[in-house]
Amino acid sequence: MRSASRWVILTVLAFFLGCGTGFGADVAKIGVVEFQRLFENSEAGKEIKAKITTQGKEMEAELKGKGVEIEEIKKRLEREALVMSKEMREEKEREFRIKVNDIKILQKKYEAELQGIQRKLMAGIQTESLKIIDEIGKSGGYLLIMDKRGVLYSPSTIDVTDEVIKKFNAQYVKNKN
């Protein structure tokens, strides 16, 4: 009875040891992607940055123009304040405050517009890049590809961002033409 128990234990132990080495031989391939670098180095990302910068400069120029206009109103108000009646001065000061508030509201509107445009365009890049990452993951035999922001450490050998940028740019140029 004792030797039968030993054989059962040895058989079970051999089974688990044999299975452990069989499963351990399969190495998981993991990759990371840095979306910030993808945005900065891809053709679509550069185009988005240029578009947002151009639009931002146009909005900034308009705000500066309105700022100059307000400064002129303020100087005129200060010059003419002594010769105006109290009611007239109060009316002009109220108009001045309204114009200042209008510029602040316009500035907030422009900032929200730019953020909305950036979010919309970035969502397009992200959607396309996720398709490419999925393709790379399947063709490259990856078990997992993660966003680098969620990873505290990763060796550069598992970073597939450059490959994603290369394929993304190729697809972007093909779709653009």
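All of the numbers you see were taken from the coordinates with simple rules; none came from a lab. Since the structure is predicted, the reported quantities are computational estimates derived from the model, not experimental observations. Using ideal geometry, Cβ is built from the backbone for each residue, glycine included, and neighbour counts are taken over all protein chains shown.
Whole-Hz Karplus values for the range 127-142 come out as 4, 5, 5, 5, 5, 5, 4, 4, 4, 5, x, 6, 6, x, x, 7 Hz, taken residue by residue from phi with 6.51 cos²θ - 1.76 cosθ + 1.60 and θ = phi - 60°; glycine and proline positions read x. Fewest-first ordering of Phe96, Phe168 by other beta carbons within 10 Å of each residue's beta carbon gives Phe96, Phe168.
Summary of the geometry: the range 98-122 and the range 67-81, compared by the centres of their Cα atoms, lie 25 Å apart. Taking 0.36 nm per residue of separation and subtracting the current Cα-Cα distance, fully stretching the chain between Ala28 and Glu93 would add 16.3 nm. Between Glu72 and Ser85, the modelled label-to-label distance comes to 2.7 nm, taking each label 7 Å out from Cα in the direction of the beta carbon.
Couplings for the range 96-113, taken from phi via the Karplus curve 6.51 cos²θ - 1.76 cosθ + 1.60 with θ = phi - 60°, read 4, 4, 5, 5, 4, 5, 4, 5, 4, 5, 4, 4, 4, 4, 5, 4, 5, 4 Hz in order; Gly and Pro are left as x. Around the amide H of Asp159, modelled in the peptide plane, lie the amide H atoms of Val32, all under 5 Å away and 5 or more residues distant in sequence or on another chain.
Between Ile103 and Leu143, full extension at 0.36 nm per residue minus the direct alpha carbon distance yields a gain of 9.1 nm. Ordered by the number of other Cβ atoms lying within 10 Å of each residue's own Cβ, fewest first, Arg94, Arg89 fall into the sequence Arg94, Arg89.
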